[in-house]
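Student: Questions regarding the structure given below will be posed in turn.
The values are calculated or read from the model by the stated rules, or taken from the named source; none is laboratory data. Here the structure is a predicted model, which means the values were calculated and not measured. Here the Cβ positions follow ideal geometry from the backbone for every residue, glycine too, while neighbour counts run over all protein chains shown.
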Amino acid sequence: MPSLNPRIGFNPTNMNRLIFLFGLLLFTFSGELAAQMTAKSPLAPTSPTATELEINDWSIYADQESSTYFIDFEQLAVNVNKIVVKSTNGQVLWQEDVFDLPVNSIYELDFSKYDAGHYVIELEAFTGIIRKVVVHRG
């Protein structure tokens, strides 16, 4: 069997060390990423399995007085099952199941019964939750 030149030959010990170091780095960074993703924020999903979904600025919008908010289902990338209005401390103030509404609906939320302040509108879908913090001027 021909002998390998140590400078250009295959050395299994060095290869094993490289694989081990690469795996260690990958494991370390994936743990840090998972820790960052599960860090709690005041608006973190209420369910540990819920995923925060993205929306565009035209999906949820208000009238000039910010007393009525409109949810344009056609602008959303998901089918909404439930609409929830919460205070910023997480207390559910109102909710309604909307899974049977057509996907081209525009839903109206009347905020005139609430005091002035910040509120969270949550749109729950099977694939996650869309959240938007809104300011009601009262």
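Student: Could you please give the count of residues in the stretch 65-102 that are under 16 Å from I130 (Cβ atoms) and among the small types (G, A, S)?
Tutor: So the count comes out to 1.
Student: While we're here: What are the residues in the stretch 104-130 that are under 12 Å from K82 (Cα atoms) and either modelled with pLDDT of 95 or more or buried (at least 16 other Cβ atoms within 10 Å of the Cβ) (or both), if any? Spell out how you get there, then give the answer.
Tutor: Filtering the stretch 104-130 for residues under 12 Å from K82 (Cα atoms) gives 107, 121-126, 128-130.
Those that are under 12 Å from K82 (Cα atoms) and either modelled with pLDDT of 95 or more or buried (at least 16 other Cβ atoms within 10 Å of the Cβ) (or both): Y107, I121, E122, L123, E124, A125, G128, I129, I130.
Student: While we're here: Since Y114 meets every condition but one in (1) assigned to a strand (DSSP E or B); (2) closer than 21 Å to A62 by Cβ, which condition does it not meet?
Tutor: (1)
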